[in-house]
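The values are calculated or read from the model by the stated rules, or taken from the named source; none is laboratory data. Keep in mind the model is a prediction, meaning the values are calculated, not measured. We place every Cβ from the backbone using ideal geometry, glycine too, and count neighbours over all the protein chains shown. The protein model used for the area step is the full one, side chains on, heavy atoms only, and it has no ligands, DNA or RNA in it. Shrake-Rupley method; radii C 1.70, N 1.55, O 1.52, S 1.80 Å.
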Amino acid sequence: MFKKLRVRDYDFKLILMVLALASIGILAIGSADESLQSRQLAGVVAGAFLMLVLSFFNYSWVLKFYWPMYVINIVLLVLVWVMGENRGGAQRWLKIGSLQFQPSETAKILLILFFAQFIMKYKEKLNTVRIISACLLLFALPWYLVVSQPDLSTSIVLVILFCVIMFVGGVSLKLVFGVLAIAIPAVALLISMALRPDMRPDNDFFHGFQQERLLAFFNQEEYPDQNRQQVNSEKAIGSGMLDGKGYKNNEITSVKNGNFVAADETDFIFAVIGEEFGFKGSIVVILLLFGISLDCISVARKSKDTAGSIIAASVGGLVAFQGFINIGVATFILPNTGLPLPFVSYGLTSLMSLFMGMGFVLNVRLQTKKNK
């Protein structure tokens, strides 16, 4: 369970980058909605403590329970489907007593841990039809439960994570290119179907609001109401210019004071940062996200085994891709979709899950091989 470790092998720079990014999140949330700042601060403190505790647990011992992790993940997602709370047309939240959380966020970390052990166990047979089919089926069940909530944005992140897991696990490059040759045209076909005006609002592939967001992105002039939030977010970031308008400024034209963007403490938190801290503050956030992801990849390259490489690379990939999508939505280079900015957006489930993932990355780092 615990292994003799050396403090000099501890990745302090990763901790500092994570805490710096989380601190920016606390400040930004305090400006967007001051009533949520204390809760976010408590979440960061609790998450940092959890990260440090998990960093001293031998991840190889934790991965012995990979099947119970998978079962718990499925049970939680099924409970959301059966008794979850419906908000804004989506059923994603689960309330057990006084505890309320979003299982689709914890699913990201639990699936990383499960497949890290599963793939390492069958590494020599990974490129066989039997093992690849097993991986696809084991991934398909939780993915379906997430996409049916509906939660298209998280389901996209899960697909990206699965691709990272399989690639780092050692899947054949021939298979990778073969899947890409099928997946890219398939995605293009789905998008073209969603853009057809004769498609009914709720079809087999997209729900009404998802189809509207795609239509609004590709036909901005025809759907001004649907893309107004992204337009306002883009203007807010641009109005910050180089140095920003200042923290908690009282300008009525501010994105938060004028209520020009909904969910500015979650999906559009980057708009608050861009407006108040300007280009300089925005670059700091992007560099921290990039630095955390790059550090995780570095840990993955030095890991003692395949499971450690999968954990570190997947957590780094999660931060990178989710950060890219969130900022892409806020700057209007991607269609509108609800994803939190890692360690910055308000959301205790996402925050705690990411801290948990970082805890395992730190433990992988503590056990790296010196000769790699």
Notebook entry, point to check: Using alpha-carbon positions, what is the distance between the centroids of the range 45-74 and the range 98-154, in Å?
Noted result: 16 Å
Item checked: Around GLN100: net Lys/Arg minus Asp/Glu count, Cβ-Cβ under 15 Å -> +2
Notebook entry, point to check: What shape does the range 62-192 take by its C-alpha gyration tensor, where a ≥ b ≥ c are the square roots of the eigenvalues and a/c under 1.5 counts as rounded, a/b above b/c as prolate, and the rest as oblate?
Noted result: oblate
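Using per-residue counts of other Cβ atoms within 10 Å, averaged over each peptide, order 148-159, 67-78 from highest down. Before the final figure, lay out each step's value.
Numbers: 148-159: 19.7, 67-78: 16.7.
For the peptides 148-159, 67-78, the packing ranking is 148-159, 67-78.
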Next item on the list: Starting from the Cα of LEU242, step 7 Å toward the Cβ, then list every residue of the range 266-280 with an amide N under 19 Å from that point.
Entry: 274-280
Notebook entry, point to check: Pairs LYS13/LYS123; LYS64/LYS95; LYS64/LYS121; LYS108/LYS304: which are spaced more than 21 Å apart, C-alpha to C-alpha?
Noted result: LYS13/LYS123; LYS64/LYS95; LYS108/LYS304
Checklist line | Theoretical gain in end-to-end length, LEU52 to LYS64 [0.36 nm per residue, Cα-Cα removed] | finding: 2.3 nm
Next item on the list: May I ask you to order 130-137, 58-65, 112-119, 357-364 by the average number of other C-beta atoms within 10 Å around their residues, highest value first?
Entry: 357-364, 112-119, 58-65, 130-137
Next item on the list: Using packing as a proxy for protection, rank 45-55, 321-331, 13-23, 343-353 so that the peptide with the highest average count of other Cβ atoms within 10 Å comes first.
Entry: 343-353, 321-331, 13-23, 45-55
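Rounded, prolate or oblate: which one fits the range 38-101, using the alpha carbon gyration tensor with axes a ≥ b ≥ c (rounded when a/c is under 1.5, else prolate when a/b beats b/c, else oblate)?
Oblate, since a/c reaches 1.5 and b/c is not below a/b.
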Item checked: Charge context of TRP143, other residues only, Cβ under 14 angstrom, K/R +1, D/E -1 -> 0
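Leaving out ligands, DNA and RNA, and with a 1.4 Å probe, what % of the accessible surface on the range 89-176 is carbon or sulfur?
On the way: 2680 of 3920 Å².
Of all accessible area on the range 89-176, carbon and sulfur atoms account for 68 percent.
If you place +1 on the Cβ of every Lys and Arg and -1 on the Cβ of every Asp and Glu, how big does the dipole about the Cα centre of the range 33-151 come out, in debye to the nearest 20?
On the way: 10 positive and 6 negative charges, 98 e Å.
In total the dipole reaches around 460 debye.
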Check: Residues with beta-carbon under 13 Å from that of ARG39, excluding ARG39: net charge, scoring Lys, Arg +1 and Asp, Glu -1?
Finding: -3
